[in-house]
């Protein structure tokens with residue numbers, strides 16, 4: 001257990017479904033991140049939140065909608081996804097960049 | 001902008017052999033450097049980091065890395081690998097202006113018996 005908890009670990013959803021991914025940390029970190037990791041592709045940074053405020057959105061399609069109600073929780077709301085959105089979604093948190101990031105175990109998403 | 005290059009996408013090696021995974025970065029200013037390991041269907045786990053001081057950094061699982069400022073490199077080494085070291089390894093560099101980490105594309109280390 002790293003201190004960053006992601007649920008669910010696995011998710012299978014149809015293209016018309018709506019689901020949410022959850023990330024939680026109680027490490028006292030102020031920044032939280034969503035990454036997408038597809039097979040044979042580099043890590044893709046999707047969103048960055050700092051003290052609950054979104055500071056980065058890397059041209060992510062609107063079918064992905066993040067929510068950060070407080071510094072300890074981060075959600076990724078999913079709707080009308082495409083099969084190419086199937087990937088491992090990783091959440092991370094940090095306090096200062098010199099401390100590095102602490103990653104969760106990820107949610108393996110399959111869109112059918 | 002910072003960038004990180006991991007030249008080797010895959011490194012096959014036999015058990016108990018030494019291994020070096022290469023990482024080069026582009027920066028003209030001071031940086032922090034990190035190596036992470038990712039086992040299948042897991043998140044990334046910090047192996048070691050360089051912030052300042054001694055250029056040889058020791059991490060978990062017997063890994064070490066050497067910071068070379070003149071060559072802008074931070075190569076990861078282990079003198080004798082185990083089957084359990086089979087994983088993906090990511091190098092990362094700090095972007096202090098943007099206050100975030102930039103990750104390389106990863107190197108898949110495959111250890112054979």
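The values are calculated or read from the model by the stated rules, or taken from the named source; none is laboratory data. Here the structure is a predicted model, which means the values were calculated and not measured. Quick reminder, even Gly has a Cβ in these numbers, built from the backbone with ideal geometry, and neighbours come from all protein chains shown.
Below are the figures for this structure:
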item: Selection from segment A:1-49 of residues that are assigned to a strand (DSSP E or B), surrounded by fewer than 17 Cβ atoms within 10 Å (Cβ to Cβ), at pLDDT 95 or above and within 11 Å of chain B (Cβ to nearest Cβ); result: A:5, A:10
item: Count of residues meeting criterion [modelled with pLDDT under 95 and assigned to a loop (DSSP other than H, G, I, E, B)] in segment B:60-85; result: 4
item: Flag if residue B:92 is in a strand (DSSP E or B), facing another protein chain (nearest Cβ under 8 Å) and buried (at least 19 other Cβ atoms within 10 Å of the Cβ); result: yes
item: Those residues of segment A:92-112 which are more than 8 Å from chain B (Cβ to nearest Cβ) and over 13 Å from residue A:27 (Cα atoms), in sequence order; result: A:107, A:109, A:110, A:111, A:112
item: Residue check, residue B:44 within 10 Å of chain A (Cβ to nearest Cβ) and without any contact (Cβ under 8 Å) to a residue 60 or more places away in the chain; result: yes
item: Restricting segment B:54-81 to residues that are loosely packed, with under 13 Cβ neighbours inside 10 Å and under 28 Å from residue A:104 (Cβ atoms), the residue that is farthest from the other protein chains (Cβ to nearest Cβ); result: B:58
item: Flag if residue B:51 is surrounded by fewer than 17 Cβ atoms within 10 Å (Cβ to Cβ), in contact with a helix residue (DSSP H, G or I) (Cβ under 6 Å, 6 or more places away or on another chain), at negative phi and within 14 Å of chain A (Cβ to nearest Cβ); result: yes
item: Of all residues in segment B:95-113 being within 30 Å of residue A:55 (Cβ to Cβ) and more than 10 Å from every other protein chain (Cβ to nearest Cβ), the one that is surrounded by the fewest Cβ atoms within 10 Å (Cβ to Cβ); result: B:97
